[in-house]
Amino acid sequence: MSSLSLVGLQKTFEPGTPNAKVALDRVSLEIADGDFITLLGSNGAGKSTLFNAILGKFRLDRGKIILDGEDITRLKDYRRAYHIGCLYQNPLLGTAPNMTIEENLALAYTRKASRSFFAVNRRDTAYFRDLLRELHLGLEDRMKTRMGLLSGGQRQAASLLMATIAEPKLLLLDEHTAALDPATAEQVMALTRRIVAERHLTCMMITHNMQAALEVGTRTLVMDSGRVVLDVAGEERAALSVPQLLEMFQQKTQRSLDNDRMLLG
Ligand SMILES: Nc1ncnc2c1ncn2[C@@H]1O[C@H](COP(=O)(O)OP(=O)(O)OP(=O)(O)O)[C@@H](O)[C@H]1O
Ligand SMILES: [Mg+2]
């Protein structure tokens, strides 16, 4: 549970070449402790790049990132990983498919316990079993099953547990239900809401689902061409319907389409 400040984030990929791409364009955001942001935007809008910037996957051209009062702009990505949990569309990213569920959980847990992976004791095992039982997926009896053998939904649920077991300061979800069938996606989304609420996590979730973007979380952002073009929260957000959000989305992202048309025409 922590606040996050993004100050003037700027990133151009392949600068000075014909492929130069401004992926983040002066992104500034104040995210309060306990905020749950849903992030929308067309393909290529810069959503995943924003997450990668927060995770320290590349050097920014400009800008500052402050997590829980600490300037992490120059912190190496593996050191940020202690404080930031993340989940991707592909359930296998971020987990070790050849290790068992229990081993994966133990590995994730050592981040918090700051002790050796091999020191996981019986009490920890019992704790993992309790957590898995709460998922209601029958995984508590399959702790010795290799992660790679689980179904997509089971893996995402287990991955969610792993991403949050060390109580991260920030949880980043990049379309984490997009590869699941609708019923399973709904289950994993419900689980996400529960875990975020129970652990009072500060969370950002990328989705292409307008309904989920409004129903889940506390604040909705839209990105376009590397910028945040819409930011709604509170009563304004509560009063929004999905068709209204869709219309705002189209209006706010129209600019780039018109620009493209102007360039072409
Ligand atoms: N490592 C990279 N090198 C070069 N270009 C990149 C790199 N990462 C992202 N880009 C470009 O930056 C832009 C933003 O990409 P990004 O992946 O952030 O989009 P996105 O909003 O997550 O889209 P999607 O909804 O398709 O996942 C795209 O034009 C992409 O091609
Ligand atoms: Mg993306």
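Looking at Val232, Val222, can you tell me which residue is at pLDDT 95 or above, over 20 Å from Gly138 (Cα atoms) and within 16 Å of ligand 2 (Cβ to nearest atom)?
Residue meeting the stated conditions: Val222.
Taking segment 36-68 as the search range and keeping residues that are in contact with a Gly (Cβ under 8 Å, 6 or more places away or on another chain) and of a type outside the set (A, V, I, L, M), which one is surrounded by the most Cβ atoms within 10 Å (Cβ to Cβ)?
Gly46
Looking at Ala96, Ala157 in this structure, which one is in a loop (DSSP other than H, G, I, E, B) and farther than 17 Å from Leu6 by Cβ?
Values: Ala157 fails: in a loop (DSSP other than H, G, I, E, B).
After applying the criteria, what remains is Ala96.
Can you work out which of the residues in segment 167-203 that are within 16 Å of ligand 2 (Cβ to nearest atom) and either in a loop (DSSP other than H, G, I, E, B) or acidic (Asp, Glu) (or both) is nearest to Ala53 (Cα to Cα)? First the steps, then the outcome.
Of segment 167-203, the ones within 16 Å of ligand 2 (Cβ to nearest atom) are 172-179.
From what is left, the residues that are either in a loop (DSSP other than H, G, I, E, B) or acidic (Asp, Glu) (or both) are 174-179.
On the way: Asp174: 13, Glu175: 17, His176: 18, Thr177: 22, Ala178: 22, Ala179: 24 Å.
Checking each candidate, the answer is Asp174.
Give segment 144-154 a look and list any residue that's closer than 16 Å to Gln89 by Cα and not in a helix (DSSP H, G or I), or say none.
Selection gives Leu150, Ser151.
Are any of the residues in segment 196-212 more than 16 Å from ligand 1 (Cβ to nearest atom) and among the small types (Gly, Ala, Ser)? Can you show your working first?
Kept after step one, since they are more than 16 Å from ligand 1 (Cβ to nearest atom), are these residues of segment 196-212: 196-203, 211.
From what's left, among the small types (Gly, Ala, Ser): 197.
Yes; the residues of segment 196-212 include at least one that is more than 16 Å from ligand 1 (Cβ to nearest atom) and among the small types (Gly, Ala, Ser).
Taking the stated definitions as given, is Thr49 touching a strand residue (DSSP E or B) at 6+ places or on another chain (Cβ under 7 Å), within 16 Å of ligand 2 (Cβ to nearest atom) and either of a type in the set (Asp, Glu) or not in a strand (DSSP E or B) (or both)? If you could, list the steps in order and put the result at the bottom.
Details: touching a strand residue (DSSP E or B) at 6+ places or on another chain (Cβ under 7 Å): yes; within 16 Å of ligand 2 (Cβ to nearest atom): yes; either of a type in the set (Asp, Glu) or not in a strand (DSSP E or B) (or both): yes.
Yes; evaluated as a whole, the condition is true for this residue.
Within 16 Å of ligand 2 (Cβ to nearest atom) and surrounded by fewer than 16 Cβ atoms within 10 Å (Cβ to Cβ) - does that describe any residue in segment 91-114?
yes
Out of all the residues in segment 19-26, is one or more of a type outside the set (Asp, Glu), surrounded by fewer than 16 Cβ atoms within 10 Å (Cβ to Cβ) and not in a strand (DSSP E or B)?
yes
Would you check which residues across segment 241-257 are at pLDDT below 95, under 25 Å from the mean Cα position of the chain (by Cα) and of a type in the set (Ser, Thr, Tyr) and list them?
Thr253
Within segment 24-64, take every residue that is acidic (Asp, Glu) and more than 17 Å from the chain's Cα centre (by Cα) and give me the one that is farthest from ligand 1 (Cβ to nearest atom). I'd like the intermediate steps shown before the answer.
Taking segment 24-64 and keeping what is acidic (Asp, Glu), we get 25, 30, 33, 35, 61.
Going one step further and asking which of them are more than 17 Å from the chain's Cα centre (by Cα), we end up with 25, 61.
Working: Asp25: 11, Asp61: 13 Å.
Going through the qualifying residues, I end up with Asp61.
Please state which one of Gly41, Gly16, Gly8 is under 28 Å from Val242 (Cβ atoms) and either more than 11 Å from ligand 2 (Cβ to nearest atom) or touching a residue at least 60 places away in the same chain (Cβ under 8 Å) (or both).
Details: Gly16 fails: under 28 Å from Val242 (Cβ atoms); Gly8 fails: under 28 Å from Val242 (Cβ atoms).
Only one candidate passes the filter, namely Gly41.
Starting from segment 103-122, keep only residues that are over 19 Å from Met147 (Cβ atoms), then list their pairs with residues that are of a type in the set (Val, Ile, Thr) and modelled with pLDDT under 85 whose Cβ atoms are within a distance under 9 Å, requiring at least 6 positions of separation or different chains.
These pairs meet every condition: Ala113/Val120; Ser116/Thr110; Ala119/Thr110.
From the list Glu186, Glu198, which residue is at pLDDT 90 or above, closer than 27 Å to Leu29 by Cβ and more than 14 Å from the chain's Cα centre (by Cα)? Spell out the reasoning first.
Working: Glu186 fails: closer than 27 Å to Leu29 by Cβ.
Answer to the check: Glu198.
The values are calculated or read from the model by the stated rules, or taken from the named source; none is laboratory data. Predicted model only: the values in this text are computed from it and were never measured. FYI the Cβ positions are ideal-geometry reconstructions off the backbone, even for glycines, and counts take in every protein chain you see.
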